[in-house]
1. Please list the non-local residues whose amide H lies under 5 Å from the amide H of ILE277, H modeled 1.01 Å from N, same-chain partners needing a gap of 5 or more.
2. What is the magnitude of the charge dipole of segment 76-149 about its Cα centre, with +1 placed on the Cβ of each Lys and Arg, -1 on the Cβ of each Asp and Glu, and no other charges, expressed in debye to the nearest 20?
3. What is the set of long-range amide H partners of GLY76 at a cut-off below 5 Å, with H atoms built 1.01 Å from backbone N?
4. For segment 259-276, take each phi angle, set θ = phi - 60°, evaluate the Karplus expression 6.51 cos²θ - 1.76 cosθ + 1.60, and give the result in whole Hz per residue in order, putting x for glycine and proline.
5. Step through the residues of segment 293-302 one at a time and calculate ³J(HN,Hα) from phi using the Karplus curve (6.51 cos²θ - 1.76 cosθ + 1.60, θ = phi - 60°), rounding each to whole Hz and writing x for Gly and Pro.
6. Holding the Cα-Cα limit at 27 Å, pick out from LYS88/LYS199; LYS122/LYS306; LYS25/LYS247 the pairs that are longer than that.
7. Each residue of segment 90-102 in order: what ³J(HN,Hα) in whole Hz does its phi give by Karplus 6.51 cos²θ - 1.76 cosθ + 1.60, θ = phi - 60°, with x for Gly and Pro?
8. Sorted from largest down, what three extents in whole angstroms do the Cα atoms of segment 3-66 have along their principal axes?
Amino acid sequence: MNLIDKYIEQVGENLPAKDREDIQKEIRSILEDTLENRSQQEDRPINDPMIVGVLKEFGTPRKMAEAYMPPRYLIGPRLFPTFLMVTKIILGIVLLVGIVTTSVTLFQQPLTLESAFEVVLKRLLELLGSMLSVLGNIVFVFAIIEWVLSKEKFISEENWDPRSLEGEENRDEIKPWSQVPDIAFTIFTLLFFNLFAAKLGAYFNDASGISVFIPALSPVFFTYLPWFNTIWVLGLGLNLALIRIGKWQPWSRWFQVGLDVMSLIVLILMASGPSIIAPATDNFSTYGVTGSQIAGIYTGLAIGIKALLIILIIVFIYEIGETVYRIFRKK
């Protein structure tokens, strides 16, 4: 086996199996053409020193193989600034929530220096675990986005048709970056409600100095959470599909309509059913003035949430109607 055969074989070891044979044939053809031209230019037959010189110019087998492979990043330079921004915002919110809850615990109950240190250490470890979990989820989602973007097909300059500039702008076309804010917001919403929803509420000490926590969200809310999780995850899938495809298609618009209808049904059930805010029961009065104040706040929140749900229902009905109109207008 000569040097060229060995070189091409080692190049193939660094290539994916599905493309290996075609790339090896192409490299062999380029090498043979280069050697033939070099032989004619130098007016001497092809020999081992000439082959060695040409192979040095081509570089190591690994370097040659990398030239035929797309860049491999977990999160590439295109997405990294957005990844940093989203990570800072979400981790900042997680950190803020952790600091607030820890501060409330420290200042609302009498603690010795030793017990205060234990509380801080325990909360710090919990916060670190939460932040690592959140960071892992963010990296996972952005890695998927990076993979989708790496598969994106761009129109080559050779196939570009100047006539494509004519006519109105295609509203169905989607810029990949336009989906990133939606994806970031959905990730934040998923993490926030699944990690911190049960911790939302009022923290205070009763008359005897015992720490009390009254959750803001009623058990009813958590019966709806699996449905919202399903809608959010399916929405993420649609965002990634739109990045991959690059434009709205009939199936993706109908998929969006389906998600909006699911959201609308859940919102109607929430608006017409029991409140997702914890009800102000008689037990609140056992905590004195503080309990009465919390009861008033929760009652106001319940009314405000009902009003917000009605507004969201109207918005979703409008969006569903608009999307369906666009679908049938295209036909």
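Quick note: the coordinates plus some simple rules give every number you see, no bench work behind them. Here the structure is a predicted model, which means the values were calculated and not measured. Because the Cβ atoms are built from the backbone with ideal geometry, glycine has one as well, and the counts that use them run over all protein chains shown.
1. Counting only residues 5 or more places away or on other chains, the set is SER218.
2. Charge dipole of segment 76-149: 200 debye, to the nearest 20.
3. none
4. Each residue's phi maps through the Karplus curve to give 5, 5, 5, 4, 4, 4, 4, 5, 5, 5, 4, 5, 6, 8, x, x, 5, 7 Hz.
5. Couplings: 5, 5, 4, x, 5, 5, 5, x, 4, 4 Hz.
6. LYS122/LYS306; LYS25/LYS247
7. So the Karplus estimates, Gly and Pro as x, are 5, 5, x, 5, 4, 5, 4, 4, x, 5, 5, 5, 5 Hz.
8. 39, 18, 16
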